[in-house]
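The block underneath contains the structure these notes are about, expressed in structure tokens.
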Amino acid sequence: HVTVHVIDRLLYYQKDPAANEMPNWDAVSLYLDMDGTPGAVPAATAYKFVGQASWNEDRSTGAYDAAYQGNGSSWTAVTIPFETVTGWQGQGFNNQSRDHGWNITFRIPYSSLGLNGRPANGTQWKIALAVHDNDGGSAIPDKTWPPAMTDSSPATWANLVFGLPTYTPPAGISAAGTTTIRHGLNGAVVTDGHVGGDTTCAANIDPNFWELWGSQNYANDYEVNVQNQWNLGDFPCFSKYYVTFPLDQIPANKAILNATLTLQQFGNSNQGGSYPGDPPDSLIQVLTVQDSWQENSITWNNAPLAVENVARTWVYPLPPGPPYPNVPREWDLSYAVAQAYEAGQSEIKLVLYSADSSLHSGKYFRSSESNDPSARPTLTVTWGDNDGFTLAPDNPVAYVGGSGGHLFTIDVARTGAFNSTVSTAVSNPRPSEVSVQVSGGTLTPPGQIQVTLTDLHPANFTGSRIYVVPVQVSGGGVT
């Protein structure tokens, strides 16, 4: 399923449109390519699904949907089982009364794409969206994501990777230190701010939401909010949180072992209330950001787009106060911090967002401007010394006959400033059947270790044996 919510002041649609008319009205085109590294034209692995908005018509006939498949040069209309479900909030369609917006959900079975089920984690596709708009006249230029995508060039689309990214720290490296990054701690400057409706649903500009909401700035707020909702009638309550952590306090030439983002939650929307129900749990996501922004000018309309979804954590409602204690909420950012650090970035830029649908989903956190320094957003990074060595065997497997032998060569290369002596330990699983000899087992990298295995069976031996010979190299605190 892919759901798109469109905040739109005026809603216009065409009843029973022809397929080629749909993009001239309020509609969405969803692009998918099952080839994660496509070319410049849509191949047979590429699909385009179009869904137009409708008022109260029956959509089960597919009258408001269209599907296309790549043919190696352009698009061909095809019949593929899928459906769309839409909704809207406002005064209705095809008039100049102010509305709030509309939403569409694409439901595409994997079987319609020739698959037996969901692809494995790590599988990469391509994805893109185009939002079509009409306000009662000629069609308005599309809003596309990614902004530079083009309809018939899958190479310009975004990456869709199944599952969250995982991170495995470098093997054999022990923790050597921890860096805590927090605004004001050791001179660190952690810039943050939320965009959207603040914690008040932008009540200060009511009723001028359409004129002012998208340009509101909340620099120097002590509190920040992450909030979303299905019903676009409440879009003034939506809020996203941006934060940038400097990485220059992490020593150079280290290996990142783990990193944790901690925010202190002190409250939530409708805290202690029950109308129309208890506040929901929220799955708050962390995404990386590439483009820079300024705290005193960032708004919903100019906030940078996210680059990659890297972490998520459940955040729960708190009991009514007072008091309003700070409750730590944590996200594992090991992957994101390691990527930024290894790329030589001086900072890591993040945005926190939720795809909540329930009313009163807002979760409130302390910001970098909090009067309590310990309650400010914190990035904790544990690192180890990256000085060590690598091993590269020329061939880990060999086949020999009776009384035959093989010489294995292992290249030992140093990393960083490693200058310790290493020694080699080899285990012989069957001394009566195989001989193991080591040459160059003690050295200071770079160098080579040679391991000779000789079969002790007679030359006319006709059986078969598999020997696994563990080789362990250690020194300087690295194994």
- Message: Can you show me the helix-derived [θ] at 222 nm for the chain, built from DSSP H runs with n ≥ 4 at -39,500 (n - 2.57) apiece and divided by the number of residues, rounded to the nearest 500.
- Response: -500 deg cm²/dmol
- Query: Once the other residues with Cβ under 10 Å from the Cβ of V6 are scored (Lys, Arg +1; Asp, Glu -1), what is the net sum?
  - Reply: -2
- Grab the eigenvalues of the alpha-carbon gyration tensor for the range 37-77, scale each by 5, take roots, and send me the semi-axes largest first in whole angstrom. 28, 9, 7
- Pop out the ³J(HN,Hα) list for the range 295-306 in order, Karplus 6.51 cos²θ - 1.76 cosθ + 1.60 with θ = phi - 60°, rounded to Hz; leave Gly and Pro as x. 4, 7, 9, 5, 9, 4, 6, 10, 4, x, 6, 6
- Query: Around P377, with a cut-off of 14 angstrom between Cβ atoms, what is the net charge of the other residues, counting Lys and Arg +1 and Asp and Glu -1?
  - Reply: -2
- Query: If you count, for each residue, the other Cβ atoms within 10 Å and average over each peptide, how do 130-142, 389-401, 92-104 line up from highest to lowest?
  - Reply: 92-104, 130-142, 389-401
- Rg/Rg_ref, the range 205-257, where Rg_ref = 2.2 N^0.38 Å and atoms are Cα: 1.79
- Message: Can you list residues from other chains, or at least 5 along the same chain, whose modelled amide H is less than 5 Å from the amide H of G177?
- Response: W383
- Note on the structure: extent check for the chain: Cα max minus min per principal axis, descending, whole Å, gives 93, 60, 37
- Task: Grab the alpha carbons of the range 178-289, take their convex hull, and tell me the volume per residue in Å³.
- Result: 149
- Applying the Karplus parametrisation 6.51 cos²θ - 1.76 cosθ + 1.60 with θ = phi - 60° to the phi angles of the range 158-169, what ³J(HN,Hα) value in whole Hz is obtained for each residue in order, glycine and proline being reported as x? 7, 8, 10, 10, 6, x, 6, x, 10, 9, 10, x
- Take the alpha carbon atoms of the range 390-442, find their center, do the same for the range 443-471, and report the distance between the two centers in whole angstrom. 8
- Interchain or sequence-distant (5+) residues whose placed amide H lies within less than 5 Å of the amide H of A311 are V286
- Taking amide hydrogens as modeled 1.01 Å from N in the peptide plane, which residues meet the under 5 Å criterion relative to K143, leaving out close sequence neighbours? V131
- Query: If you bin the C-alpha pair distances of the range 2-161 every 5 Å from 0, what whole percents do you get?
  - Reply: 2, 9, 18, 22, 20, 14, 9, 5, 1, 0
- Directionally averaged shadow of the range 1-84, computed from the convex hull of its alpha-carbon atoms, nm²: 6.3
- Task: Output ³J(HN,Hα) for the range 466-475: one whole-Hz value per residue in order, computed from phi by the Karplus curve 6.51 cos²θ - 1.76 cosθ + 1.60 with θ = phi - 60°, and x for Gly and Pro.
- Result: 10, 10, 10, 10, x, 10, 10, 10, 8, x
- proj_area_mean for the range 175-383 (convex hull on C-alpha atoms), units nm², value 11.5
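Just so you know, all these numbers are worked out from the coordinates, no wet-lab data involved. Quantities reported herein were computed from a predicted structural model and do not represent experimental measurements. Every residue, glycine among them, receives a Cβ derived from its backbone with ideal geometry; neighbour counts consider all protein chains shown.
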